[in-house]
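Structure first, commentary second.
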């Protein structure tokens, strides 16, 4: 590329190339980035300001009408969109506590030296390398009320009686009645993605200085106290990262509900993302769908900032408390 | 880690607790996958029998025979080849565009570098679904719907790859390229002969993550591919589930075909995958 330049008569020892050399290196990335990231981000905003029906020749400018329709209880879109937002919110609230705490407990257990530790770490992570399509069709079978192995195992162990006491039908309708459909979607998601957060926690736990644990042990701190006053403050930044990423991942839930419940029973598990894609790519009402997408992103942005600030804030207080106790 | 002070209060879990934990975890996380494999080699009748059999009484490979014919209505072998082609081309493209861009951003100083980097970083904060519809229109305009290019190109300019490689390249010692520059090497030679060989572990990690992501992608192929013979495995599994309903050996066989390659890839490159995931968390 710069061969002609490099072989010129005035060679300097440390050649940095022509002024355009960096841009030549950046060009392939920027070409793809511009076409499929930067331009679409702007175009999405533009679409959201139009009555953009993919199949219609005219796409009239409507200003903020697509956005105000989402706030107007009498509009057709209002119900559809907010039902989706409710489903997404329900899933986030139901899944995030498990996806944040279970991997932390597991990582704490795996962060000790014992034979088979590496193997176990790989087994726990294994489901995460599978796609949601595999996970979806597999658990559709496992959770089938009549043919599925889960209800069979529950019957054999007698655990189904506990579920019947809680009001579940017989056989337990894992995918076709609430709250069991949510229990299934959360459970499957925990099974699928638990390993990811576990690995991140494990990396964070390695960074907690050993001396702190030893000092706490010398002071007679119990296991629970060490966890609370050494481990938790030590991994607070990682915890903030995990909470934020997990909220975003759960808010993007699509495949599990698409394959396991089809959004049912009724529309109770039809998530915001399912509504957006159905509106935009199913009904081709792309302007309305783009507006929904931006409203959801703004919501997620606010939640992320709140999460991060809240956990960072507690970071400082946690450290002070840890210092006082040690 | 094993060199702990002997005076530590608790050295770890007791042997009994450890093995109970190991057993529970292995059954919980590997069990459903074993069940998937076992179901795929049962007859349709046996797969839906009550009570279910654990081990197939008659090993029946007809589900695979049905699915692997290229011309049937559900050509799983073709989906496999489509997924393999898309994943390979996508991974190659990611490596090329991310490594060249990361090299420029990590090892060169030029006007506008901060701006370019800032713009790339800022897109990390936009959720993926914002791009789905504008990108669908772009693909439509380019005539790429229902083709492998729709799967290869759009996701290739993700900010993560550039980030990840740049971080690695920034850490390389300057003497490496200075020595090469003294020998009269231009930037392209510095890149290909000096920087890339020293970036190999990061490139391997990025390659595996890019391939896994592309192989497993669900939403995008479901919306941009239409013809049954053009589908990838995830989109094909959705079709299979809708069409076969209770042919569980058939559906599980499709799921096995979709899982075995990524499980093998994971087993072979475990270190790179887990390293990559762990490092993504340390940024935070």
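The values are calculated or read from the model by the stated rules, or taken from the named source; none is laboratory data. Please read these numbers as outputs of a predicted model, since none were measured by experiment. Reconstructed Cβ throughout: ideal geometry from the backbone, glycine too, with neighbour counts over all protein chains shown.
Could you tell me which numbered condition residue B:192 fails, if it satisfies all but one of (1) more than 23 Å from the chain's Cα centre (by Cα); (2) closer than 27 Å to residue A:122 by Cα?
(2)
Among the residues of the stretch A:188-199, is there at least one that is within 22 Å of the chain's Cα centre (by Cα), at pLDDT 90 or above and not in a helix (DSSP H, G or I)?
No: the stretch A:188-199 contains no residue that is within 22 Å of the chain's Cα centre (by Cα), at pLDDT 90 or above and not in a helix (DSSP H, G or I).
If residue A:91 satisfies every condition in (1) closer than 21 Å to residue B:30 by Cα; (2) in a helix (DSSP H, G or I) but one, which is the exception?
(1)
Could you check the stretch A:206-236 and list, in sequence order, the residues that are within 27 Å of residue B:272 (Cβ to Cβ) and crowded, with 17+ Cβ neighbours inside 10 Å?
Answer for the stretch A:206-236, where residues must be within 27 Å of residue B:272 (Cβ to Cβ) and crowded, with 17+ Cβ neighbours inside 10 Å: A:208, A:234, A:235.
This table checks each residue for (1) more than 17 Å from residue B:88 (Cα to Cα); (2) buried (at least 24 other Cβ atoms within 10 Å of the Cβ); (3) in contact with a helix residue (DSSP H, G or I) (Cβ under 8 Å, 6 or more places away or on another chain).
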| residue | (1), (2), (3) |
| --- | --- |
| B:206 | no, yes, yes |
| B:210 | no, no, yes |
| B:226 | yes, no, no |
| B:230 | no, no, yes |
| B:247 | yes, no, yes |
| B:265 | no, no, yes |
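Has the stretch A:64-71 got any residue that is over 22 Å from residue A:273 (Cβ atoms) and outside any helix (DSSP H, G or I)?
Yes, the conditions are met somewhere in the stretch A:64-71.
What tally of residues in the stretch A:14-37 results from selecting those that are outside any helix (DSSP H, G or I) and out of contact with any helix residue (DSSP H, G or I) (no Cβ under 8 Å at 6 or more places or on another chain)?
Result for the stretch A:14-37: 2.
What number of residues within the stretch B:139-166 are in a helix (DSSP H, G or I) and in contact (Cβ under 8 Å) with a residue 12 or more places away in the chain?
16
Looking at residue A:40, is it over 29 Å from the mean Cα position of the chain (by Cα), part of a helix (DSSP H, G or I) and within 30 Å of residue B:98 (Cβ to Cβ)?
On the way: over 29 Å from the mean Cα position of the chain (by Cα): no; part of a helix (DSSP H, G or I): yes; within 30 Å of residue B:98 (Cβ to Cβ): yes.
No: the conditions fail for residue A:40.
Say we look at the stretch A:47-72 and pick out the residues that are touching a residue at least 40 places away in the same chain (Cβ under 8 Å) and more than 17 Å from residue A:294 (Cβ to Cβ); which of these is surrounded by the fewest Cβ atoms within 10 Å (Cβ to Cβ)?
A:55
Report, by residue number, each residue of the stretch B:27-57 that is crowded, with 16+ Cβ neighbours inside 10 Å and more than 16 Å from residue A:138 (Cα to Cα).
Those that are crowded, with 16+ Cβ neighbours inside 10 Å and more than 16 Å from residue A:138 (Cα to Cα): B:43, B:46, B:56.
Considering only the stretch B:183-284, give the helices (runs of 4 or more DSSP H) lying wholly within it that have at least 1 residues that are closer than 24 Å to residue A:201 by Cα and either in contact with a strand residue (DSSP E or B) (Cβ under 9 Å, 6 or more places away or on another chain) or more than 10 Å from chain A (Cβ to nearest Cβ) (or both).
Here the list reads B:200-216, B:248-282.
When you go through (1) surrounded by fewer than 16 Cβ atoms within 10 Å (Cβ to Cβ); (2) in a helix (DSSP H, G or I); (3) assigned by TED's automatic domain parsing to the domain that holds residue B:170 one by one for residue B:111, which number turns out not to apply?
Among (1) surrounded by fewer than 16 Cβ atoms within 10 Å (Cβ to Cβ); (2) in a helix (DSSP H, G or I); (3) assigned by TED's automatic domain parsing to the domain that holds residue B:170, the lone unmet condition for residue B:111 is (2).
Any residue at all in the stretch A:236-246 that's away from every other protein chain (no Cβ under 11 Å) and modelled with pLDDT of 90 or more?
yes
Quick test of your reading of the structure: residue A:100 fulfils all but one of (1) within 11 Å of another protein chain (Cβ to nearest Cβ); (2) part of a helix (DSSP H, G or I); (3) under 26 Å from residue B:218 (Cα atoms). Name the failing condition by number.
Going through the list (1) within 11 Å of another protein chain (Cβ to nearest Cβ); (2) part of a helix (DSSP H, G or I); (3) under 26 Å from residue B:218 (Cα atoms), residue A:100 breaks only (1).
Would you be able to tell me the number of residues in the stretch A:16-61 that are in contact with a strand residue (DSSP E or B) (Cβ under 8 Å, 6 or more places away or on another chain) and on the phi > 0 side of the Ramachandran plot?
Final tally of qualifying residues: 0.
Which residue out of A:147, A:163 is free of Cβ contacts under 8 Å to residues at least 12 places away in the same chain, surrounded by fewer than 19 Cβ atoms within 10 Å (Cβ to Cβ) and part of a loop (DSSP other than H, G, I, E, B)?
Values: A:163 fails: part of a loop (DSSP other than H, G, I, E, B).
Just one listed residue meets the conditions, A:147.
Residues being facing another protein chain (nearest Cβ under 8 Å) and surrounded by 20 or more Cβ atoms within 10 Å (Cβ to Cβ): count how many of those fall in the stretch B:114-142.
Qualifying residue count, the stretch B:114-142: 10.
In the stretch A:164-204, which residues are at the interface with chain B (Cβ under 10 Å from one of its Cβ atoms) and farther than 23 Å from residue B:27 by Cα?
A:203, A:204
Within the stretch A:265-283, take every residue that is surrounded by fewer than 17 Cβ atoms within 10 Å (Cβ to Cβ) and closer than 13 Å to residue B:132 by Cβ and give me the one that is farthest from the other protein chains (Cβ to nearest Cβ).
Here the residue is A:278.
Looking at A:114, A:125, A:139, can you tell me which residue is within 8 Å of chain B (Cβ to nearest Cβ), touching a helix residue (DSSP H, G or I) at 6+ places or on another chain (Cβ under 7 Å) and not in a helix (DSSP H, G or I)?
Only one candidate qualifies: A:114.
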